Each structure stands twice: as structure tokens, then as C-alpha cells.
Ligand SMILES: [Fe+2]
């Protein structure tokens, strides 16, 4: 089941989500929201053993595992553990919202793309250039904001060990924009998660 607030949310999660929601209300710009939420997620990392259960470490055949930890009833924020086996990657995507990501175990790799066609909201005629790469080790917190979109691929190369990461998004993350780099298009794709 999806963990709703109240008695079903672990007190650590409830307090963290409350802090995130306060940041959303207090800050008009997403860049300021992640500025406030990033240290809160960093602090939460010290307590993951208290609220992460075996179900949050489930693996999925054929793709990386997405296990829900919390989704707010109004869809305002959502928190997931992502379980990465070597060789598992996302498609090229953006989330259409802000997000804060922390690595719990292993090294997660993020490869960035930069949109250079001069448009933000048009879904075809998209031109992307490959950008830099970030290697996220345990204890690292990274963030992103939308518009201009943060376009990236995340995963673990086959030569590296498995990884576990914790992802907070500024909405229920049940779909995202997936890019076809060669065709220059993107479309909104539903993404599954384990509840
Ligand atoms: Fe992503």
C-alpha cells in the first residue's frame, strides 16, 4: 500500500515531509525549495535504518526497482528508494518538477544532456548535446529544478557494483518526459513503482 501521512508514516518521514512542504510554501522559486530540502535529506540519511524496511530494497526483474516510501495524499511530494543493478539505466528523461536525490549505497552515475534548440516546452525539434557526468557516492545529495528541464540518464555501468538511492520529487512521480535523442522528440511516459 502507499504510505499516507498520519499513523502510517514513520515519524522521521512525517517530519521530513513536513519540512519539505514548509519549504514549498515559503519559497516561490524551485531553486530555493531544493536549497532548503537538500540539507534536510542529508540529515535524514543518518536515520534510514529506522524507516527503510526490507520492502524498500526490493529488486525488479529486467529494470531498476522503484519502491515507494511515501506519497503525500495531494500528490505534492513523493519519496522512493531506487535499486540499481549493474547495467541498469533510465531512458533520457526529465521529471517536470524539482527533486532531491541521495545515495545510500554504491555509486550512482548521472549523465547530463543540454537542450540547445532554444525552446523549453515544444515536444519535437529537440536538439540535445551531451553534457557532463556526475558520480554520486554514498552520502552525496544532489538536486535539480525544472524549466529549463534537467535532462539526464541515471544508472550504473555494468563494470560497477549495485547502488541504492533515495529520491524525493515535488509531485507524485508516476510519469516523466522521455526523450528520443535521435528523433528530437519527447513524450510523457507513465512509470511504474512498487507499493
Ligand atoms: Fe531522473
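Computed from the coordinates by the stated procedures, all read-outs in this text should not be read as laboratory data. Values in this document were obtained by computation on a predicted structure and should not be read as measured data. Note that we place each Cβ from the backbone using ideal geometry, even for glycine, and neighbour counts take in every protein chain shown.
Students often check this: by mean Cβ neighbours within 10 Å, which of 49-55, 31-37 ranks highest, and how do the rest follow?
Top of the packing list down: 31-37, 49-55.
Can you show me the helix-derived [θ] at 222 nm for the chain, built from DSSP H runs with n ≥ 4 at -39,500 (n - 2.57) apiece and divided by the number of residues, rounded to the nearest 500.
Calculated at 222 nm, the ellipticity per residue is -5500 deg cm²/dmol.
Write down the Kirkwood hydrodynamic radius of the range 11-190, to one decimal in angstroms, obtained as one divided by the mean of 1/r over all alpha carbon pairs.
16.8 Å
Of the peptides 11-24, 164-177, how do they stack up when ordered by the mean number of other Cβ atoms within 10 Å, highest first?
Listed from highest to lowest mean packing, they are 164-177, 11-24.
Which whole-number percent is the relative contact order of the chain (Cα, under 8 Å, 6+ apart)?
RCO, the chain: 26 percent.
Using only Cα atoms, find the angle between the long axis of helix 11-26 and the longest principal axis of the chain, and express it within 0 to 90 degrees, rounded to the nearest 10.
50 degrees
Would you look at the GNM of the chain, springs on alpha carbons closer than 10 Å, and say which of 153, 103, 116 moves the most?
Per the Cα network of the chain with a 10 Å cutoff, 116 tops the list.
Note the angle between two axes, namely the Cα long axis of helix 30-44 and the longest principal axis of the Cα atoms of the chain, as a number of degrees from 0 to 90, rounded to the nearest 10.
Result, in degrees: 50.
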